[in-house]
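Notes for the one structure printed next.
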Amino acid sequence: MKTRFNTFDIICVVTELQKLIGMRVNNIYDIDNKTYLIRLQSSEGKQVLLLESGNRIHSTNFEWPKNVAPSGFSMKLRKHLKNKRLERLSQLGVDRILDLQFGTSEAAYHVILELYDRGNIVLTDHEMTILYVLRPHTEGEKVRFAVREKYPQNRAREEEQVSRERVLEILQKAKPGDQLKKVLLSNLEFGPALLEHVLLKQGLVNSVKIGKTFDIHNDIDKVITAISEAESIFKTAQSQPFKGYIVQKKEERPATDTKDVEDFYSNQEFHPMLFQQHSSMPFKEFDSFCVAVDEFFSSLESQKLELKAVQQERDAMKKLENVRKDHSQRLIGLEKVQEVDKQKGELITRNQELVDSAILSIQMLLGQQISWADIDEVVTEAQAKGDPAALIIKKLKLEINNISVFLTDPYAESADSDASDQENQNADKIPSMIVDVDLDLTAFANARRYYDQKRSAAKKQQKTMESHTKALKSAEKKTKQTLKDVQTITNINKLRKGYWFEKFYWFISSENYLVIAGRDQQQNELIVKRYMKPTDAYVHADIHGASSVIIKNPTGLAVPPKTLNEAGTMAICYSVAWEAKVVTNAYWVWGEQVSKTAPTGEYLSTGSFMVRGKKNFLPPSHLVLGLSFLFRLEDGCIEKHVGERKVIVQEADDLSTIESESGKDDDVEVPILDESDEDEMNKEEQAEGSDSKEPADGILSEDDENKDEPSDSEDESNFPATHIKIQHFGGTRQIVTEPVFKRNEKNDDENVIYLGDDKPIILNPSMSKGRSRGSSESSYKDHKKSEKKNAEQQQPQIKRGQKSKLKKIKEKYKDQDEEERQLRMDILQSSGTHKETKKSKKGGKDQYSKNTKKEPRMPRPQEPKEANDLEDDEPVVQADVEIINAFTGIPAEDDELLFAIPVIAPYNTLSSYKFKVKLTPGISKKGKASKTAVSMFMKDKATTPREKDLLKAVKDEQLVRNIPGKVKLSAPKLQTLKK
């Protein structure tokens with residue numbers, strides 16, 4: 001199979017790619033360490049140029065999977081080439097080296113692509129000084145491919161006119177018996193396909209050898225003509241673009257009882273023209289060479305899957321054929337045994353007197369107690385004298401009390417028989433053979449013994465036929481199922497599409513939010529910098545190894561508490577808390593509060609971020625995950641599943657709350673509590689005798705830590721972040737909560753907290769002062785009332801435009817009475833404004849206020865992006881909702897399912913899913929646990945055949961990829977399955 005460009009291919013692609021000249025570089029991506037994508041755009045449209053070191057270069061329309069994070073080489077290319085115009089694309093000499101120039105004069109940069117040997121990509125400046133090289137190496141003693149070295153431009157082969165003398169010199173240097181095509185190929189730059197094409201047109205086939213079937217002096221004119229035609233084709237390719245062709249090979253799928261032989265065409269080679277040697281082969285024609293190459297490489301993976309399926313089908317049919325052959329051979333063997341036993345019995349019967357005489361003679365000698373050696377001599381002497389009985393004895397087997405006699409059919413035709421008698425005798429004639437007879441039995445008894453063996457063999461044959469018929473049917477059934485499974489899995493794998501979020505930890509919350517988390521520090525930084533929007537929620541836990549979790553929030557509205565808690569569970573489970581089996585809590589902030597920009601003089605390492613403003617702590621999360629499957633619905637089936645993961649809607653007009661269908665009656669939604677309300681108390685709640693909630697065992701809460709300090713609801717800066725450390729004392733685990741920052745004397749507004757591996761994060765509560773806005777009407781009124789309360793002590797200056805805004809809000813809510821306001825606050829789970837109790841006035845803390853928080857402020861609306869910026873977002877996550885709506889965990893019988901994706905999520909998220917098992921920290925390995933779970937799903941009576949096929953197609957590495965560590969598997973009837 002052809003996988004790299006030759007010289008003729010390069011000439012054709014350079015000519016075709018001249019249409020890209022003048023387009024600007026929009027961005028650069030890497031598919032792998034050898035393959036890069038350059039996105040170009042102009043007023044006329046967009047193009048993507050693909051470069052693979054050592055193999056190919058062409059424009060592409062295929063959506064190639066990009067690396068999770070751009071490589072160093074990609075970043076270097078982006079730095080120098082972004083927004084630069086492609087000024088020139090040319091071939092160096094006639095060698096397989098391309099020069100792409102971006103920019104002009106001193107701002108020019110060159111990308112040198114080498115398409116031979118191991119290949120290379122080199123970035124140089126306008127003076128051809130190497131700035132970056134993909135594969136640094138040394139050629140000889142003088143040429144070095146390294147940074148700050150000059151790229152040697154004179155190393156490319158120059159075009160030369162191939163004269164008759166040059167061709168004659170090449171042929172004369174060759175050894176007798178060398179293949180003509182190979183000799184010319186190593187000395188000329190035409191490429192193997194084109195050279196074979198022009199030689200075939202002159203009648204010189206591949207098997208032509210110099211000095212044998214090719215005479216240099218007589219046949220050189222044919223070679224000169226062929227080379228001239230190749231040069232002419234070269235010149236044409238340099239001036240006008242060629243079409244594209246993919247040459248294919250016909251593969252036959254094995255026939256089955258239900259279908260005939262099918263043909264499958266596998267792609268073998270790509271060429272800019274249809275050559276002579278390929279004219280009789282199947283092929284596909286394309287409008288351009290780049291389109292053909294793009295189609296060839298983009299379908300390479302599916303071709304491999306198809307070829308693998310064909311091979312598996314052949315293997316299955318071969319096994320079935322072997323079973324059939326074995327069955328047939330066994331039956332033939334048993335029939336032969338029966339026939340031979342019958343013939344032996346018949347020969348003994350026809351030579352009964354002679355056999356009895358031989359048996360009696362040996363019995364007499366044994367009766368005289370003569371040694372076996374002497375008996376052998378006596379028989380030999382009798383044979384010499386012509387004794388008929390002795391003559392038929394061929395071997396004495398006295399150790400088993402047998403003798404071997406050679407018997408012939410006495411009724412065989414005689415020499416003087418006429419033709420009619422001979423025909424009748426031949427029908428009953430038995431071939432002569434050696435027969436073993438028992439000395440203890442008479443000739444008749446020996447004959448009967450062989451007849452009995454024949455009847456026994458016949459019974460055995462009948463049983464063998466019955467058993468083999470069953471075995472054959474079983475083998476055929478198994479083969480049919482194998483063929484079906486192979487084809488089904490192949491089709492599923494073809495439809496299986498890798499989604500951008502699968503490279504991270506991910507799940508879809510019970511309220512239909514996409515939640516992603518980084519696998520390591522590098523991915524944590526990637527999802528924050530590239531995938532997080534200001535309106536998204538950022539969830540994290542102050543514990544070693546905790547992931548940065550992002551809740552994609554395309555609507556920009558408040559994220560429901562249930563989803564926040566599920567994301568918090570995810571953040572805790574993907575940390576050391578899983579192995580240590582400890583329970584702790586997470587917190588969340590808006591995406592706009594997180595940045596990578598450090599204060600002056602500070603440095604943030606990989607995976608560390610600066611968080612400004614207040615953190616909203618979540619309740620402690622239990623270490624309980626679940627393994628399940630999401631099924632990709634066919635587009636026509638998506639609509640009936642819309643809404644099965646419902647978001648809790650908070651409407652100010654109708655005050656209605658739509659409950660999630662996936663939730664249970666006993667599901668409790670925990671409100672997000674805010675530390676700033678510790679001093680506030682609801683009188684009505686106090687009258688009802690609400691109890692304080694105790695912190696989880698082993699957790700030192702911030703309320704306990706700060707219980708002696710006075711609270712200040714207006715000052716958000718007196719709530720220090722904590723650094724949770726796990727300590728081990730004599731086999732027990734404790735969580736110690738320690739303040740991890742002190743007030744900075746120089747900058748009193750900024751505080752430092754730590755993420756992950758003690759990475760610094762800056763907490764800046766002052767950033768949220770004076771601009772906190774509620775996410776609902778009630779939260780705004782809380783804020784407004786708080787401002788009114790503080791106005792007596794201090795009168796802040798109203799900013800420009802704020803007075804008008806406050807006037808509009810006042811006009812909007814002028815008809816709202818206190819009862820309606822309180823009802824709305826209860827529905828929206830807002831604490832509202834409460835009067836201070838006597839206890840709080842004395843400086844004490846009400847127990848209820850410990851678990852009451854304000855609604856966190858909503859982020860500012862995101863500014864609209866320019867068109868170019870939208871193009872740079874890879875992938876475009878605005879389509880997240882459409883993507884996740886195409887998946888269901890509750891497939892119906894009439895649904896058309898395309899493929900299944902394993903998902904690891906907090907267990908309560910999977911409460912309504914059809915397939916689910918609970919995962920908790922344990923001792924079982926990930927692979928064993930996942931296989932056990934899938935086996936349980938497969939044996940479930942409710943599992944449909946299509947679902948079984950989809951579960952079979954899921955690869956083992958996909959199953960275990962998101963499991964955090966060693967687990968304990970829990971599910972109903974699990975023990976029954978194991979037994």
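The values are calculated or read from the model by the stated rules, or taken from the named source; none is laboratory data. This is a predicted model, so every value here is computed, not measured. For neighbour counting, all protein chains shown are included, and Cβ atoms are generated from backbone atoms with ideal geometry for every residue, glycine included. With ligands, DNA and RNA removed, areas are computed over all heavy atoms of the protein, side chains included. Shrake-Rupley method; radii C 1.70, N 1.55, O 1.52, S 1.80 Å.
Of note:
- Taking region 540-588 and dividing mean pair separation by its residue count, relative contact order in percent (alpha carbons under 8 Å, at least six apart): 50 percent
- Rolling a 1.4 Å probe across all protein chains gives CYS637 an accessible area of roughly 20 Å².
- Where GLU313, GLU160 fall by accessible area, highest first, once all protein chains stay in place (1.4 Å): GLU160, GLU313
- Overall form of region 291-397: prolate. Here a/c, set by the Cα gyration tensor axes a ≥ b ≥ c, is 1.5 or more, and a/b is the larger of a/b and b/c.
- For region 1-135: rounded, prolate or oblate by the Cα gyration tensor [a/c cutoff 1.5]: rounded
- Computed accessible area, TYR411, all protein chains, 1.4 angstrom probe, square angstrom: 150 Å²
- Pairs of Lys residues in region 296-420 that lie 8 or more places apart, or on two chains, and have C-alpha atoms under 20 angstrom apart add up to 9.
- Listed residues CYS290, VAL337, GLN352: farthest to the positive end of the dipole of region 287-360 (Cβ charges): GLN352
- Sorting SER935, SER186 by solvent-accessible area of protein heavy atoms yields SER186, SER935, largest first, with a 1.4 Å probe.
- Note on VAL611: accessible area approximately 0 square angstrom, rounded to 10, probe 1.4 Å, nucleic acids and ligands left out.
- Region 154-293 - percent relative contact order, Cα under 8 Å, separation 6 or more: 22 percent
- Geometric descriptor of region 183-250, per residue, is 110 Å³ (volume of the convex hull of the Cα atoms).
- Applying the criteria of a DSSP loop state and at most 12 other Cβ atoms within 10 Å to the trypsin sites (Lys or Arg not before Pro) of region 134-199 yields LYS142, ARG148.
- With 18 Å as the limit, the listed pairs LYS19/LYS76; LYS19/LYS243; LYS918/LYS968; LYS916/LYS952 have LYS19/LYS76 beyond it between alpha carbons.
- Computed over protein heavy atoms with a 1.4 angstrom probe, the accessible surface ordering of LEU300, LEU618, LEU557, largest first, is LEU557, LEU300, LEU618.
- Pairs from the table (LYS66/LYS533; LYS473/LYS928; LYS562/LYS941) lying more than 26 angstrom apart at Cα are LYS473/LYS928; LYS562/LYS941.
- Efficiency of FRET from Cβ geometry, SER404 and ASP894, R₀ 60 Å, rounded to 0.05: 0.20
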